[in-house]
Amino acid sequence: ILLSHPSLHDPNFSKSIVFLSNHSEEDGTMGVILNRPIGKKLCQLDDQFKHFSIGDAHVYEGGPVDREKLIIAAWDWKDSAESFRLHFGVDISKAESLCEENKNIRIACFLGHSGWSPGQLEDELKVDSWVLSSLSLDIFKQIKAKSECWKSAISGVSDEMFLMANAPDNPQIN
């Protein structure tokens with residue numbers, strides 16, 4: 001999981017939590033922003049999804065790359081917070097069958113994704129644009145909460161991050 005540093009003001013990633021789904025030296029890195037709900041369900045984007053049980057899945061802004069492309073993800077936390085199973089980039093029929101097999105499966109849909117060319121993310125980590133964090137059940141429980149989710153996650157990293165995350169956006173109007 002990547003947490004944007006409080007000083008990162010790029011509007012594409014400010015106060016974001018990015019779930020990294022793929023990383024390699026050859027291809028770079030891909031992920032989706034978890035805490036940017038667009039306020040719609042899948043069936044509200046396209047009537048064809050009204051006929052599927054996943055039509056009620058919430059849709060999120062996945063990132064600035066391929067914003068018209070829909071990515072469906074399904075996940076399940078097993079017996080503990082350390083037991084996570086992800087199905088990323090599944091098609092509609094696979095998502096439907098996962099929901100039928102396991103009532104604990106959660107579905108989310110992402111418009112677009114976040115991507116970095118080979119070495120780009122490593123360079124951004126060196127200049128503290130991002131904070132690496134571990135996967136957390138709490139993050140997934142709060143993803144509809146936008147910046148509050150980010151603030152909670154980044155505040156847990158250190159006292160310094162807590163202070164920075166809770167500082168006013170514009171200190172001059174404080």
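When segment 126-152 is filtered for residues that are open to solvent by less than 70 Å² (accessible area, probe 1.4 Å) and within 16 Å of S7 (Cβ to Cβ), the ones remaining, listed by number, are S129, W130, V131, S147, W150. Filtering segment 9-20 to residues that are buried (at least 18 other Cβ atoms within 10 Å of the Cβ) and either closer than 14 Å to A73 by Cβ or not basic (K, R) (or both) leaves F13, S16, I17, V18, F19. Candidates D123, D159: the one that is modelled with pLDDT of 90 or more, open to solvent by 70 Å² or more (accessible area, probe 1.4 Å) and closer than 25 Å to T29 by Cβ is D123.
Quick grid of which residues meet (1) open to solvent by less than 60 Å² (accessible area, probe 1.4 Å); (2) among the hydrophobic types (A, V, I, L, M, F, W, C):
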| position | (1), (2) |
| --- | --- |
| N22 | no, no |
| G28 | yes, no |
| L34 | yes, yes |
| F52 | no, yes |
| G63 | yes, no |
| S83 | yes, no |
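The residue of segment 127-156 that is farthest from T29 (Cα to Cα), among those that are among the aliphatic types (A, V, I, L, M) and out of contact with any Phe, Trp or Tyr (no Cβ under 7 Å at 6 or more places or on another chain), is A145.
Contact annotation: residue pairs with Cβ atoms under 6 Å, 6 or more positions apart or on different chains, pairing a residue in segment 134-160 that is free of Cβ contacts under 8 Å to residues at least 60 places away in the same chain and at negative phi with a partner that is open to solvent by 40 Å² or more (accessible area, probe 1.4 Å) and of a type outside the set (K, R), are S155/F162.
Of all residues in segment 90-120, which are modelled with pLDDT of 95 or more, open to solvent by 20 Å² or more (accessible area, probe 1.4 Å) and among the hydrophobic types (A, V, I, L, M, F, W, C)? Correct list: L111 only. For the criterion of being outside any strand (DSSP E or B) and among the hydroxyl-bearing types (S, T, Y), S114 fails.
When segment 96-110 is limited to residues that are out of contact with any helix residue (DSSP H, G or I) (no Cβ under 8 Å at 6 or more places or on another chain) and either of a type in the set (S, T, Y) or assigned to a strand (DSSP E or B) (or both), the one that is farthest from A73 (Cα to Cα) turns out to be S97.
The values are calculated or read from the model by the stated rules, or taken from the named source; none is laboratory data. Keep in mind that this is a model prediction, so the values were computed, not measured. Every residue, glycine among them, receives a Cβ derived from its backbone with ideal geometry; neighbour counts consider all protein chains shown. Please note that ligands, DNA and RNA were not included when accessible areas were found on the heavy atoms of the full protein model with its side chains. Shrake-Rupley method; radii C 1.70, N 1.55, O 1.52, S 1.80 Å.
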